[in-house]
1. List every residue pair whose Cβ atoms lie under 6 Å apart, where the two residues are 6 or more positions apart in sequence or sit on different chains, the first residue falls within the range 20-42 and is over 15 Å from Ala5 (Cα atoms) and among the aromatic types (Phe, Trp, Tyr), and the second residue, located anywhere, is at pLDDT 95 or above and crowded, with 21+ Cβ neighbours inside 10 Å.
2. Would you please name the residue that is surrounded by the most Cβ atoms within 10 Å (Cβ to Cβ), looking only at residues in the range 28-44 that are charged (D, E, K, R) and assigned to a helix (DSSP H, G or I)?
3. Among Ala5, Ala25, Ala81, which is the only one that is within 11 Å of the chain's Cα centre (by Cα), at pLDDT 95 or above and either assigned to a helix (DSSP H, G or I) or on the phi < 0 side of the Ramachandran plot (or both)?
4. Pick from the range 67-105 the residues that are among the small types (Gly, Ala, Ser) and touching a residue at least 24 places away in the same chain (Cβ under 8 Å): which of them is surrounded by the most Cβ atoms within 10 Å (Cβ to Cβ)?
Amino acid sequence: MDADAQFLNDFQTGVLPFEQWTHIAHIRMAYLVSKSSRNFEEALLKIRQGIQNFNGLHASKLTVGFHETMTQLWATLVWNAAQKCDSTISDSNTFIDQNRYLTDSSLWKQYYSPTLMFSPEAKHTFIPADLKSITIDNLESTTIV
């Protein structure tokens with residue numbers, strides 16, 4: 001099993017140590033899921049379910065928990081970057097190296113004000129961005145954020 005397959009398996013089964021569930025790990029997982037999904041909706045569903053499952057397995061260690069709007073924003077950013085990748089990218093580390101901007105965990109601030117992002121509604125339901133919109137690449141230019 002290669003490193004990406006092992007990482008994804010460890011994440012999906014919950015054996016990935018909670019301390020290793022970092023922002024970069026979220027990006028890595030979202031890329032691997034996006035790469036293996038037929039479309040954005042499938043990727044988003046798998047990303048959402050994966051995070052919720054992992055959080056459920058590590059509930060006693062959580063301080064924040066699942067956030068729907070944040071998840072959809074990052075899933076969109078990673079999906080769009082993955083759609084632009086050329087065939088030379090063969091693993092998640094190369095993807096991250098070529099898309100370093102995704103490692104900035106505060107990137108969401110370009111799209112959302114803190115007031116909106118940290119509202120109770122945004123945590124539980126997807127709320128469109130209030131600062132800058134984003135569209136899903138290769139999906140008929142539908143604005144979601």
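The values are calculated or read from the model by the stated rules, or taken from the named source; none is laboratory data. In this text the structure is predicted, and so the values were computed from the model without any measurement. Methodologically, a virtual Cβ is constructed for each residue, glycine included, from the backbone with ideal geometry; neighbour enumeration extends over all protein chains shown.
1. From the range 20-42, the pairs are Phe40/Trp79.
2. The extreme case among them is Arg28.
3. From the options Ala5, Ala25, Ala81, the qualifying one is Ala25.
4. Checking each candidate, the answer is Ala75.
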